[in-house]
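Reviewing the structure listed below.
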Amino acid sequence: MTKTKKTKFVREYPINASAKLLYPYLSTPGGLAQWFCDDVKIDENKNFNFIWDGRSHFAEMTGHRVNRSVRFIFLDDDKNHVPDAPYVDFSIESSELTQEQYLKVIDYSEEDDQEEMEELWEYLIQNLREIIGG
């Protein structure tokens, strides 16, 4: 089995919304399904099932701080942990200086085309901004 190299994509996007308003869109199935993927379900083990193009991608919410951050680590098709697993990490940060809110995204995956990642996240964040009015 060949080990695929993963890349960490990190960006900060200005978001014109309070952390309290933004957080549910990052941490709940209903919120995530509105901008991040086609649908999200939670199974009996509290695993998130992200659905893109009719395919399931299981993930576990491994870290979350209310109104601050959330991390999803992706599992294999049998919902097991894998070494060096891909993950997506959202954190809400605010600039003390400007009082602006930022959504910091860390996408750790096998996708190594930075331009494609850039376009994907620009599109996703645009969707999010339209929903929250920011």
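None of the figures in this text is laboratory data; all of them are computed from the coordinates on show. Please read these numbers as outputs of a predicted model, since none were measured by experiment. Here the Cβ is made from the backbone with ideal geometry for all residues, glycine too, and neighbour counts use every protein chain on show.
Numerical summary
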{"quantity": "Unit charges at the beta carbon, dipole of the range 35-119: most positive-side option, 70, 106, 58", "calculated": "70"}
{"quantity": "Added length on full extension, which subtracts the Cα-Cα distance from 0.36 nm per residue, residue 119 to residue 65", "calculated": "16.7 nm"}
{"quantity": "Reported label for calculated Kirkwood radius over Cα pairs in Å given (i) 15.5; (ii) 14.5; (iii) 14.9", "calculated": "(i)"}
{"quantity": "Virtual spin-label span in nm between residue 111 and residue 16, 7 Å along Cα→Cβ", "calculated": "2.6 nm"}
{"quantity": "Filtered trypsin sites (Lys or Arg not before Pro), the range 64-93: DSSP coil and at most 14 other beta carbons within 10 Å", "calculated": "68, 79"}
